[in-house]
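The values are calculated or read from the model by the stated rules, or taken from the named source; none is laboratory data. Please read all numbers here as calculations on a predicted model, not as lab measurements. Here the Cβ positions follow ideal geometry from the backbone for every residue, glycine too, while neighbour counts run over all protein chains shown. Each accessible area value is taken on the protein alone, full model and side chains, heavy atoms only, with ligands, DNA and RNA left out. Shrake-Rupley method; radii C 1.70, N 1.55, O 1.52, S 1.80 Å.
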Amino acid sequence: MAEYKEYRGMCVVGECKKYYGTDDAKVIHEEPKGVEIKNVHLHDAVIVGAGLAGMYAALELKKAGYDVAVLTKVFPTRSHSGAAQGGISAALANLEEDHIEWHFFDTVKGSDYLGDQDAIEMMVKEAPRIIYEYEHMGVPFSRTPDGKIMQRYFGGHVKDFGRGGPVLRACMAADRTGHVLLHTLWEQCVKYNVRFYSEFFLLSLIIKSGKCIGVTVWDLINGGIHVFQGKAILLATGGYGRCYSITSNSHANTADGLGVVMRAGLPLEDMEFVQFHPSGLAFLGVLLTEGARGEGGYLINNEGERFMKRYAPEKMELAPRDVVSRAMWAEIEAGRGINGQQYVYLDLRHLGAQKIMERLPQIREISMKLLGIDPIKEPVPVQPTAHYSMGGIPTDICCRVLADGKEKWLEGLWAAGECACVSVHGANRLGTNSLLDASVHGKRAGKDMAAYLSTNPPYEVLPEDCALDAIKQIEWLLNNPGTERPGAIRKELQENMYNLCGVFRRKEDLEKMYNIIKDLQRRYKNILVQDKGAKFNTDLMEALELRNLLETAEVIVASALNRTESRGAHYRRDYPNRDDENWLKHTLAWRTEEGVKFDYKPVVITRFKPEERKY
Amino acid sequence: MAEYVFKIFRYDPEKDETGRVQEYRIDVQPGWTVLDALNYIKWFVDGTLSYRRACRHGICGSCGMTINGKNGLACETQIKDLGTTVITVEPLRGFPVIKDLIVDMEPLYDKLYAIKPYLITKTPPPTDKERLQSPEDRAKLDGKYECILCGCCTSSCPTYWADKNFLGPNALLKAARFLFDSRDEGYEERVSVIDDKHGVWRCHTIFNCVEACPKELNPTQAIVDLRKLILRGKL
Ligand SMILES: Cc1cc2nc3c(=O)[nH]c(=O)nc-3n(C[C@H](O)[C@H](O)[C@H](O)COP(=O)(O)OP(=O)(O)OC[C@H]3O[C@@H](n4cnc5c(N)ncnc54)[C@H](O)[C@@H]3O)c2cc1C
Ligand code: SF4
Ligand code: SF4
Ligand code: FES
């Protein structure tokens, strides 16, 4: 048997026998009130999240010789990074000419000039090295005839500083790119004996005199509060698509990291920017790859019309994601959705059975298995789906979390991946750039944490009351004699967010949505968790998640209301133009008892001056 | 819309001595999967029902369970395809039940750790370049690398039920994924684990695992190929 053991491996199910910190843990902390001593753990570094960002950081730290714990609410390979299909970008030029500079430009332009160019430049430069490192770890990339890593086209990635045609830049493993990267990182973590604590749910950060020194978590399997103390803490908790009813995101993408950060009094950055992907499977939001449109699928409204001809007469269905999403939504608003509902048809039938089976097998499989619809015989209902969150926890280019959102590092705390905002995606992310972001910044965070640890910072003594709020929260949820079920509140939140703070935004809608959220937050006080047990209480977990969703949605809506311009993924019907004069700046938002407070910081522009984003 | 009866295995470790079956009658919308029905029950009928789920499109491997006697992913099982309005849902067999439909997957992971589930190389890789691999060599990994670790195969394996030390189809498929990778140099280390009475030789090639795999992978073929590889290595 391999030396490696996952935390659970040490447990008799139902009862955790083995204490798992290093021994000096007992020396340096006092027992926090309400937490059993066996549930207090000490590691050099504590990472929350086991997607690409979290595991890359873990490997980096482990290789540097540090003791690292990775906490995750799902087993590592179940993280949502595994769902990514298309690819990961890097200017390898394996099949045709390509340059890091071109990638740099495309990302800046794609961000609608809101991305910070110093961060983008570092990311695209690091990209080839990351891909080679992945290959050396064993990722089964698809291969070119001469044995190199295969690359494909992807929207927004073009030649010659936007002047040329599409470029082969997306490194791929068939249509399972995220899956292979995630599994390979996990395999490497097994190899290097990274210690995972799977099915542990983050509750709060422990901050003492301006320094982050640990986290409190809920043990989902056994129940019980645990305290993880560390010198370097990383949040890599992923996206928050679950604020919306129609989303491509996993059930687990519930903004937990953001909720925790806000409750520690920290700001969030650029939360108004939420990317909608045009081809979400109707009712579910599960993603159908761009390939469906790429292979020549038609988008049809309820009159049987190929409506894209009125919005993008040249590119038609192949126009950029945000353009197609807006066109679809305009049709839906004009009552031309199918049966007057919020979806249109993606019609593939004219491609014929053979082409569909050969070129788009995955799309056929998904629509048959998930909706029971065979695209050979029937058109597939699709609607724009909440896909990616550009905003998040503000960090500097070393992934250090900024306490004031601008310059001041909150010592001991890092963030990376989709939950963070460096910002490399600005107002709109290019496809295949987010796997890259999560990997590059996961690695960079790991490196920076290791460098910090090498200066031998002292362990702080845990405050006695560090877990009391978390304990109170759990006890309240389990005992509250309420009547409101999490599922019902969540449904109202998600459906309204989709309608009122989605592809199109307007002042009235956003104000209405803000009031709805306030009302739902009031109803949350009357919540009823039916499952009263400690063990694997997913009812409790959903109630915890719901609080994070409600608080994060509040900031999304307030930020959207506040930004009176249209840029990238944020489209205000009442302010349809980009306004560089007033809005070429990042939003910083603090959620407070008196509402959301704002501040701003300038965009870092080094190389490319803002120009109109035309495709 | 039609009324369906869901007979779901329930077990609460804090209350129940042993498992029981609870019935839920619900209206099922057209196009619903079994996961949609479970979600509906959990969110609007009975919040205590417990199961794992994440991606809800067959890629994370969280929702493996036994549905009308067959292993599969709840999120990819169309209710209407089951051809009946009475549906039983049980946790995966062969693993200890933690609660309701949630099983302890640790035994599955332990077998994976045992076969050293990572690329083993001795030759250093080229600097700032990928290792080369021909498309033909890469094709040897097809049908092996797509595994989502859902456990449906190992849970359906009668040999595993009888011998909990048997590595099982999941771990053996994973071993094949590395042993047939042209870049891997871990033959000795890995073969010493799988060339064992609890390894490849234990399998009776009954093909249950193939039928159970929701990703249409073929662990049995992988096991047969591994045997050939080992026999060839011994010549
Ligand atoms: C369907 C789909 C397709 C995509 N395709 C592409 C693509 O082709 N190319 C591309 O570049 N990008 C793509 N993306 C985006 C990309 O996959 C993600 O942005 C990226 O994987 C995020 O990685 P991450 O490490 O930040 O987070 P994740 O992989 O989401 O991991 C989050 C981790 O945090 C943990 N966590 C969360 N909350 C808690 C908590 N409360 N307590 C403990 N742990 C917690 C989770 O368990 C998980 O391990 C796609 C996204 C989706 C949804
Ligand atoms: S073929 Fe082998 S591994 Fe598969 S179910 Fe049968 S005995 Fe188990
Ligand atoms: S081989 Fe198939 S059934 Fe077995 S774990 Fe992998 S995906 Fe699941
Ligand atoms: S929920 Fe991910 S496989 Fe079913």
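Residues that are part of a loop (DSSP other than H, G, I, E, B) and within 14 Å of another protein chain (Cβ to nearest Cβ) were ranked within the range A:149-178; the one that is farthest from the chain's Cα centre (by Cα) is A:M150. Here is a list: A:V260, A:V217. Which entry is away from every other protein chain (no Cβ under 14 Å), open to solvent by less than 10 Å² (accessible area, probe 1.4 Å), farther than 14 Å from A:V74 by Cβ and of a type in the set (A, V, I, L, M)? The match here is A:V260.
Residues checked against (1) farther than 30 Å from A:I246 by Cβ; (2) within 16 Å of ligand 4 (Cβ to nearest atom); (3) at pLDDT 95 or above:
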| site | (1), (2), (3) |
| --- | --- |
| B:P13 | yes, no, no |
| B:G19 | yes, no, no |
| B:Y24 | no, no, yes |
| B:L35 | no, yes, yes |
| B:L49 | no, yes, yes |
| B:C63 | no, yes, yes |
| B:T84 | yes, no, yes |
| B:V89 | no, yes, yes |
| B:D100 | no, yes, yes |
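Restricting B:G199, B:G151 to residues that are over 28 Å from B:R56 (Cα atoms), more than 16 Å from ligand 1 (Cβ to nearest atom) and in contact with a helix residue (DSSP H, G or I) (Cβ under 8 Å, 6 or more places away or on another chain) narrows the list to B:G199. The residues in the range A:354-374 that are out of contact with any helix residue (DSSP H, G or I) (no Cβ under 8 Å at 6 or more places or on another chain), surrounded by 14 or more Cβ atoms within 10 Å (Cβ to Cβ) and free of Cβ contacts under 8 Å to residues at least 24 places away in the same chain can be counted, and the count is 2. Among the residues of the range A:130-141, those that are of a type outside the set (A, V, I, L, M, F, W, C) and more than 7 Å from every other protein chain (Cβ to nearest Cβ) comprise A:E133, A:Y134.
For the range A:35-64, a residue qualifies if it is touching an Asp or Glu at 6+ places or on another chain (Cβ under 9 Å) and farther than 23 Å from A:T177 by Cβ, and the qualifying residues are A:I37, A:N39, A:V40, A:L42, A:H43, A:D44, A:A45, A:V48, A:L61. Being in contact with a helix residue (DSSP H, G or I) (Cβ under 8 Å, 6 or more places away or on another chain) and either within 16 Å of ligand 2 (Cβ to nearest atom) or of a type outside the set (S, T, Y) (or both) is a description that does not apply to B:A37. For B:C147, are the conditions met, namely being closer than 22 Å to A:D175 by Cβ and touching a His at 6+ places or on another chain (Cβ under 9 Å)? Yes: the conditions hold for B:C147.
Do we have any residue at all in the range B:11-31 that's in contact (Cβ under 8 Å) with a residue 60 or more places away in the chain, more than 14 Å from chain A (Cβ to nearest Cβ) and surrounded by fewer than 23 Cβ atoms within 10 Å (Cβ to Cβ)? Within the range B:11-31 (the criterion being in contact (Cβ under 8 Å) with a residue 60 or more places away in the chain, more than 14 Å from chain A (Cβ to nearest Cβ) and surrounded by fewer than 23 Cβ atoms within 10 Å (Cβ to Cβ)), the answer is yes, since at least one residue qualifies. Pairs are defined by a Cβ separation below 7 Å, a sequence spacing of at least 6 or placement on different chains, a first member in the range A:387-399 that is in contact (Cβ under 8 Å) with a residue 24 or more places away in the chain, and a second member that is acidic (D, E) and part of a strand (DSSP E or B); the pairs so defined are A:G391/A:E269; A:G392/A:E269; A:P394/A:E269. Taking (1) over 13 Å from the mean Cα position of the chain (by Cα); (2) not in a helix (DSSP H, G or I) in turn, B:E146 satisfies each apart from (1). In the range A:25-45, is there at least one residue being within 18 Å of the chain's Cα centre (by Cα), open to solvent by less than 10 Å² (accessible area, probe 1.4 Å) and away from every other protein chain (no Cβ under 14 Å)? Within the range A:25-45, not a single residue is within 18 Å of the chain's Cα centre (by Cα), open to solvent by less than 10 Å² (accessible area, probe 1.4 Å) and away from every other protein chain (no Cβ under 14 Å).
Restricting attention to the range B:134-149, which residues are more than 16 Å from ligand 2 (Cβ to nearest atom), within 30 Å of B:P91 (Cα to Cα) and crowded, with 19+ Cβ neighbours inside 10 Å? Selection gives B:Y145, B:E146, B:I148. When the range B:180-222 is filtered for residues that are touching a Pro at 6+ places or on another chain (Cβ under 7 Å) and aliphatic (A, V, I, L, M), the ones remaining, listed by number, are B:I206, B:V210. Scanning the range A:64-100 for residues that are at the interface with chain B (Cβ under 9 Å from one of its Cβ atoms) and of a type in the set (A, V, I, L, M, F, W, C) turns up A:V74, A:F75, A:A83, A:L92. Taking the range B:144-171 as the range and being closer than 24 Å to A:G178 by Cβ, within 16 Å of ligand 4 (Cβ to nearest atom) and of a type in the set (G, A, S) as the test, only B:G151 passes. The condition of being open to solvent by 50 Å² or more (accessible area, probe 1.4 Å) and more than 16 Å from ligand 1 (Cβ to nearest atom) holds for only one of B:Y160, B:Y187, that being B:Y187. Can you find a residue that is open to solvent by 10 Å² or more (accessible area, probe 1.4 Å), out of contact with any Phe, Trp or Tyr (no Cβ under 6 Å at 6 or more places or on another chain), within 30 Å of A:L544 (Cβ to Cβ) and acidic (D, E) anywhere in the range A:431-441? Looking through the range A:431-441, none of the residues is open to solvent by 10 Å² or more (accessible area, probe 1.4 Å), out of contact with any Phe, Trp or Tyr (no Cβ under 6 Å at 6 or more places or on another chain), within 30 Å of A:L544 (Cβ to Cβ) and acidic (D, E).
Selection of the range B:82-133 for residues being surrounded by fewer than 16 Cβ atoms within 10 Å (Cβ to Cβ), on the phi < 0 side of the Ramachandran plot and at the interface with chain A (Cβ under 7 Å from one of its Cβ atoms) yields B:P96, B:P125, B:K129.
How many of the residues in the range B:192-230 are β-branched (V, I, T) and within 11 Å of ligand 3 (Cβ to nearest atom)? Adding up the residues that qualify gives 2. Restricting A:R195, A:R242 to those that are open to solvent by 10 Å² or more (accessible area, probe 1.4 Å) and modelled with pLDDT under 95 reduces the list to A:R195.
Looking for something over 15 Å from the mean Cα position of the chain (by Cα), away from every other protein chain (no Cβ under 14 Å), away from ligand 4 (no atom under 16 Å from the Cβ) and part of a helix (DSSP H, G or I) - is there at least one such residue anywhere in the range B:172-187? Taking every residue of the range B:172-187 in turn, at least one turns out to be over 15 Å from the mean Cα position of the chain (by Cα), away from every other protein chain (no Cβ under 14 Å), away from ligand 4 (no atom under 16 Å from the Cβ) and part of a helix (DSSP H, G or I). Against the test of being closer than 30 Å to A:E333 by Cβ and open to solvent by 20 Å² or more (accessible area, probe 1.4 Å), the options A:R563, A:R567, A:R578 yield a single qualifying residue, A:R578. For the range B:150-171, the set of residues classified as within 13 Å of chain A (Cβ to nearest Cβ) and either of a type in the set (G, A, S) or within 10 Å of ligand 2 (Cβ to nearest atom) (or both) consists of B:G151, B:L167, B:N170, B:A171, listed by residue number. For A:I225, indicate whether it is in contact (Cβ under 8 Å) with a residue 24 or more places away in the chain and away from every other protein chain (no Cβ under 14 Å). Against the criterion (in contact (Cβ under 8 Å) with a residue 24 or more places away in the chain and away from every other protein chain (no Cβ under 14 Å)), A:I225 qualifies. Of all residues in the range B:190-217, exactly one satisfies the criterion of being part of a helix (DSSP H, G or I), more than 11 Å from ligand 2 (Cβ to nearest atom) and surrounded by fewer than 17 Cβ atoms within 10 Å (Cβ to Cβ), namely B:S192. If you check A:I206, A:I233 for being closer than 23 Å to A:M262 by Cα and touching a Pro at 6+ places or on another chain (Cβ under 8 Å), only one passes: A:I206.
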